[in-house]
Amino acid sequence: MYFATIFTVVTATLALSASAAPAPWFGNWHWSVPKRNIAINQYNVPLSNGANTLPGYQPEQVKAVTLGRGTQNYTCASSTVSDKPVAIGAVATLFDATKLLPYVPVDQGTKILNALPGIMLNIPRAQLDNSGLPIAGRHYFNAAGSPVFDLTTSSCGMLVASKTAEIPAPKDAEPGQNGAVTWLALDKKGGSHDLSKAYRVNTAGGMAPVNCYGQPSHFEMDYAAQYFF
Ligand SMILES: *[C@@H]1O[C@H](CO)[C@@H](O)[C@H](O)[C@H]1NC(C)=O
């Protein structure tokens, strides 16, 4: 029920934002919502897990609010308890949440944003990729092993990143199979343009099992997260 409600709001809002020039009858739709003057930089990046805090951020610097859905990839040297999974990268689609936010007050928008990673984790990635939700870009790791956030498709820029801070996900995060991946602060390095920072917060799923018992040599764990740029 809760899923259905959130998705009604999301899809209705996305349908609204998709119409650049509303038809004359548009205003008669009873669920028509006026666009508000809410800029995305009124959204504060969630920085605290309740016990630890990521380094500060100026809200006026927020350029994109996205929802990532993909996999965290790991390798295991053996299938025994004596080896631990090693993180080797991730791939994710970055869905554009900024299209949704001008239609709802910031407190409601925050609630929707915070609920979405847990909901999206339970929807197959391929299904979301084909859902028509607007895509802001892609997240992957380059050949040098650096995380890349390519938002050029939405004209937001490109961030080749390095991690500057990491805190555990809060206890109440949606765990998926093995727990929610950490929250991160990331800074730009060479190869970036128009974007200088990213925050991965409100994560859901993505953690590896504690050891390699029974694991194949390469495996993926589904995850979702909010990414603020
Ligand atoms: C991670 O897994 C995905 C499948 O979800 C795959 O497409 C991608 O190439 C993998 N990346 C790495 C670095 O293993």
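Among all residues of the range 156-167, there is at least one that is in contact (Cβ under 8 Å) with a residue 24 or more places away in the chain and within 16 Å of the ligand (Cβ to nearest atom).
Considered as a group, the residues in the range 42-62 that are within 28 Å of residue 125 (Cα to Cα) and modelled with pLDDT under 90 include one that is farthest from the ligand (Cβ to nearest atom), and that residue is 44. Scoring residue 205 on the criteria (1) assigned to a loop (DSSP other than H, G, I, E, B); (2) within 16 Å of the ligand (Cβ to nearest atom); (3) on the phi > 0 side of the Ramachandran plot leaves a single failure, condition (1).
So if I check each of 172, 150, which one is within 20 Å of residue 53 (Cα to Cα) and free of Cβ contacts under 8 Å to residues at least 24 places away in the same chain?
Of 172, 150, the one residue that is within 20 Å of residue 53 (Cα to Cα) and free of Cβ contacts under 8 Å to residues at least 24 places away in the same chain is 172.
Scan the range 87-110 and report the pairs whose first residue is more than 19 Å from residue 155 (Cα to Cα) and touching a residue at least 60 places away in the same chain (Cβ under 8 Å) and whose second residue is away from the ligand (no atom under 15 Å from the Cβ) and among the hydroxyl-bearing types (Ser, Thr, Tyr), with Cβ atoms within less than 6 Å and a gap of 6+ or a chain change. These pairs meet every condition: 103/13.
Inspect all residues belonging to the range 140-148 and state whether any of them is closer than 16 Å to residue 46 by Cβ, crowded, with 18+ Cβ neighbours inside 10 Å and not basic (Lys, Arg).
Here is the first cut: in the range 140-148, the ones closer than 16 Å to residue 46 by Cβ are none.
Scanning the range 140-148 turns up no residue that is closer than 16 Å to residue 46 by Cβ, crowded, with 18+ Cβ neighbours inside 10 Å and not basic (Lys, Arg).
Among the residues making up the range 45-76, those that are loosely packed, with under 13 Cβ neighbours inside 10 Å, out of contact with any strand residue (DSSP E or B) (no Cβ under 6 Å at 6 or more places or on another chain) and assigned to a loop (DSSP other than H, G, I, E, B) are 50, 51, 56, 58.
Return yes when residue 138 is of a type in the set (D, E, K, R), out of contact with any Leu (no Cβ under 6 Å at 6 or more places or on another chain), closer than 27 Å to residue 216 by Cβ and touching a residue at least 24 places away in the same chain (Cβ under 8 Å) and no when it is not. I'd like the intermediate steps shown before the answer.
Working: of a type in the set (D, E, K, R): yes; out of contact with any Leu (no Cβ under 6 Å at 6 or more places or on another chain): yes; closer than 27 Å to residue 216 by Cβ: yes; touching a residue at least 24 places away in the same chain (Cβ under 8 Å): yes.
Yes: the conditions hold for residue 138.
Residue check: is residue 133 of a type outside the set (Val, Ile, Thr) and modelled with pLDDT of 95 or more? Judged against the criteria, residue 133 is not a match.
The values are calculated or read from the model by the stated rules, or taken from the named source; none is laboratory data. The structure presented is a predicted model; accordingly, all values stated were derived computationally and were not measured. Every residue, glycine among them, receives a Cβ derived from its backbone with ideal geometry; neighbour counts consider all protein chains shown.
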